[in-house]
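Some notes on the structure that comes next.
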Amino acid sequence: MDKVLMIKYGEIALKGMNKPYFERVLIERIRKAIKSYPEASVWRYEGVVFARTADQEKLSEMAVEISKVFGVATVSIAAEVESDPETIFSDAAEYMKEIRKEQKIYTFKVEAKRSNKQFPIISPEIARKAGGSILKACNDDPEYPLRVNVHEPDCMLFVDVRRDKTYIYHDKLAGFGGLPLGTNGKGLVLLSGGIDSPVASWMMAKRGMNIEAIHFHSYPFTSDRAKEKVLDLAKILSGYCGRIKVHCVNLLEIQQAINENCPEEQMTILSRRFMMKIAERLAHEVKADVLITGENIGQVASQTVQGLVVTDNAVQLPVMRPLIAMDKVDIMEIAQKIGTFDTSIQPFEDCCTVFLPKHPLTKPKLETILESEKHLDAEQLIENAFAGMENYTINP
Ligand code: ATP
Ligand code: MG
């Protein structure tokens with residue numbers, strides 16, 4: 001039997017007038033994800049996307065790649081057969097015989113769907129007849145019987161009858177849902193080496209946003225390895241987000257200026273405001289619509305509401321903080337699922353730990369902070385930081 005991948009999408013199906021656009025982008029993204037497979041092709045047929053490759057052995061590997069494409073709800077390996085009653089019933093039996101060799105199945109249920117209303121048999125009848133054909137074909141060994149169980153079957157077998165072709169499948173690999181990349185503008189993420197900002201990037205990308213990144217370091221106070229860690233994280237993210245540009249900016253001169261001219265406890269909030277300003281300037285250059293951070297309320301001293309208000313005030317661009325109200329355990333769970341966690345927890349110093357104040361200000365007042373900034377030549381400092389920026393392009 002010829003096998004193909006049957007790819008269902010969730011939310012895009014609800015997009016009304018824009019649906020064709022979302023579908024087109026989704027198909028492009030799937031094509032990109034599997035372009036290295038032999039004779040891979042992707043097509044749309046009656047509201048579902050299909051993919052195939054000349055090498056059937058590679059289908060399950062390809063399914064995993066496709067499940068990572070944002071917008072995909074499920075991927076199944078399906079047998080593609082002619083939409084003719086006799087073929088469907090005998091192939092359903094053949095299909096069940098095959099999968100019973102790979103996994104122990106004692107009970108099953110058939111669920112049939114008929115999107116082709118010209119097909120002469122109604123859905124419950126298709127399920128009943130396919131079930132009958134399966135029982136007949138699969139009960140030659142008394143040691144390994146097969147029965148129908150409509151409540152708690154070992155195997156749900158789906159039979160999806162379409163105009164020319166019918167698809168028989170049983171397993172569904174879950175995708176992440178969301179919307180295809182590139183359907184929702186572009187965000188510049190402030191990417192640290194921590195757990196949160198990679199998750200924040202991933203979550204915005206999942207809503208269709210293209211991602212570019214800026215990272216701040218304090219070389220030589222922070223090591224090259226700390227920067228490499230961030231590039232490693234970008235590499236993992238690129239598996240979902242496609243090619244990512246990472247811009248690395250040295251914050252040391254700014255931190256030293258703050259250290260010399262401002263009260264010690266304001267170090268964190270002042271450097272945070274500088275990061276935002278530099279990021280905003282870069283966002284204008286690279287045509288990003290918004291900034292993204294991994295900030296989360298109450299997680300660390302600098303992330304109080306008052307701290308966020310003062311940070312936010314540094315820029316005009318909207319700042320997206322997708323993790324703002326999440327619990328740390330849930331953020332960590334996503335980091336595990338997307339594969340960034342193990343890299344994030346590698347112990348390398350972050351620029352924020354250089355000049356870390358003993359008692360950082362937890363409730364900064366905007367007027368006080370603006371007053372302190374008067375003692376700094378912000379424009380020149382930002383100019384210098386920009387001049388030394390290093391740019392990397394990370395490919396998936
Ligand atoms: P993360 O796990 O993302 O590092 P965090 O819990 O350590 O976050 P902070 O260090 O207060 O929290 O940083 C808050 C946010 O500020 C980060 O999520 C990130 O978006 C940004 N940020 C912090 N440090 C850097 C850095 N060195 N380079 C770029 N962005 C940074
Ligand atoms: Mg951090």
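The values are calculated or read from the model by the stated rules, or taken from the named source; none is laboratory data. Please read these numbers as outputs of a predicted model, since none were measured by experiment. Backbone-built Cβ (ideal geometry, glycine too); neighbour counts: all protein chains shown.
Suppose the filter is assigned by TED's automatic domain parsing to the domain that holds G307, at pLDDT 95 or above and either buried (at least 19 other Cβ atoms within 10 Å of the Cβ) or more than 15 Å from ligand 1 (Cβ to nearest atom) (or both); does I269 pass it? Talk me through it step by step, then tell me what you get.
Values: assigned by TED's automatic domain parsing to the domain that holds G307: yes; at pLDDT 95 or above: no; either buried (at least 19 other Cβ atoms within 10 Å of the Cβ) or more than 15 Å from ligand 1 (Cβ to nearest atom) (or both): yes.
Criteria not met by I269.
Go through the residues of segment 145-154 one by one and say whether even a single one is closer than 24 Å to G47 by Cα, touching a strand residue (DSSP E or B) at 6+ places or on another chain (Cβ under 7 Å), surrounded by 17 or more Cβ atoms within 10 Å (Cβ to Cβ) and not small (G, A, S). Walk me through it before giving the result.
Initially, segment 145-154 is screened for residues closer than 24 Å to G47 by Cα, giving none.
Checking segment 145-154: not a single residue is closer than 24 Å to G47 by Cα, touching a strand residue (DSSP E or B) at 6+ places or on another chain (Cβ under 7 Å), surrounded by 17 or more Cβ atoms within 10 Å (Cβ to Cβ) and not small (G, A, S).
Would you check if there is a residue in segment 339-354 being assigned by TED's automatic domain parsing to the domain that holds C241, surrounded by fewer than 15 Cβ atoms within 10 Å (Cβ to Cβ) and assigned to a helix (DSSP H, G or I)? Write out each step before concluding.
Step one: list which residues in segment 339-354 are assigned by TED's automatic domain parsing to the domain that holds C241, which gives 339-354.
Filter once more, keeping what is surrounded by fewer than 15 Cβ atoms within 10 Å (Cβ to Cβ): 342, 345-347, 353.
Filter once more, keeping what is assigned to a helix (DSSP H, G or I): 342, 353.
Taking every residue of segment 339-354 in turn, at least one turns out to be assigned by TED's automatic domain parsing to the domain that holds C241, surrounded by fewer than 15 Cβ atoms within 10 Å (Cβ to Cβ) and assigned to a helix (DSSP H, G or I).
Part of a loop (DSSP other than H, G, I, E, B), on the phi > 0 side of the Ramachandran plot and in the same structural domain as G208 (by TED's automatic domain parsing): which single residue out of K287, K363, K358 fits that description?
Numbers: K363 fails: on the phi > 0 side of the Ramachandran plot; K358 fails: on the phi > 0 side of the Ramachandran plot.
Testing whether each residue is part of a loop (DSSP other than H, G, I, E, B), on the phi > 0 side of the Ramachandran plot and in the same structural domain as G208 (by TED's automatic domain parsing) leaves just K287.
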Which residues, counting only those in segment 246-266, are surrounded by fewer than 24 Cβ atoms within 10 Å (Cβ to Cβ) and away from ligand 1 (no atom under 14 Å from the Cβ)? E253, Q256, A257, N259, E260, N261, C262, P263, E264, E265, Q266
Can you pull out every residue in segment 336-345 that is in contact with a helix residue (DSSP H, G or I) (Cβ under 8 Å, 6 or more places away or on another chain) and within 14 Å of G239 (Cβ to Cβ)? I338, G339, T340, T343
Please go through segment 180-211 and pick out each residue that is part of a strand (DSSP E or B), more than 14 Å from ligand 2 (Cβ to nearest atom) and surrounded by fewer than 24 Cβ atoms within 10 Å (Cβ to Cβ). K186, N210
Being in contact with a helix residue (DSSP H, G or I) (Cβ under 7 Å, 6 or more places away or on another chain) and part of a strand (DSSP E or B) narrows V49, V4 down to just V49
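If you check V329 against the conditions, is it in contact with a strand residue (DSSP E or B) (Cβ under 7 Å, 6 or more places away or on another chain), β-branched (V, I, T), surrounded by fewer than 20 Cβ atoms within 10 Å (Cβ to Cβ) and at pLDDT 95 or above? Can you show your working first?
Numbers: in contact with a strand residue (DSSP E or B) (Cβ under 7 Å, 6 or more places away or on another chain): no; β-branched (V, I, T): yes; surrounded by fewer than 20 Cβ atoms within 10 Å (Cβ to Cβ): yes; at pLDDT 95 or above: yes.
Answer is no for this residue.
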Per the filter on segment 290-323, residues assigned to a loop (DSSP other than H, G, I, E, B), more than 14 Å from ligand 2 (Cβ to nearest atom) and more than 20 Å from A205 (Cα to Cα) are I297, G298, T304, N313, A314, V315, Q316
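Can A279 be described as part of a helix (DSSP H, G or I) and either within 14 Å of ligand 2 (Cβ to nearest atom) or surrounded by 14 or more Cβ atoms within 10 Å (Cβ to Cβ) (or both)?
Working: part of a helix (DSSP H, G or I): yes; either within 14 Å of ligand 2 (Cβ to nearest atom) or surrounded by 14 or more Cβ atoms within 10 Å (Cβ to Cβ) (or both): yes.
It is true that A279 is part of a helix (DSSP H, G or I) and either within 14 Å of ligand 2 (Cβ to nearest atom) or surrounded by 14 or more Cβ atoms within 10 Å (Cβ to Cβ) (or both).
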Condition first: surrounded by fewer than 17 Cβ atoms within 10 Å (Cβ to Cβ), over 22 Å from the mean Cα position of the chain (by Cα) and small (G, A, S). Can you find one or more residues in segment 302-315 that meet it? no
Of the conditions (1) modelled with pLDDT of 95 or more; (2) within 15 Å of ligand 2 (Cβ to nearest atom); (3) more than 24 Å from I334 (Cα to Cα); (4) not polar (S, T, N, Q), H215 satisfies every one except a single condition; which number is it? (3)
Which one of these is modelled with pLDDT of 95 or more and over 28 Å from M204 (Cα atoms): E80, E57? E80
Among the residues in segment 381-389, are any among the polar types (S, T, N, Q), outside the structural domain of E65 (by TED's automatic domain parsing), modelled with pLDDT of 95 or more and within 25 Å of R225 (Cβ to Cβ)? yes
Any idea which residue in segment 226-241 is surrounded by the fewest Cβ atoms within 10 Å (Cβ to Cβ), counting only those that are charged (D, E, K, R) and more than 16 Å from ligand 2 (Cβ to nearest atom)? E228
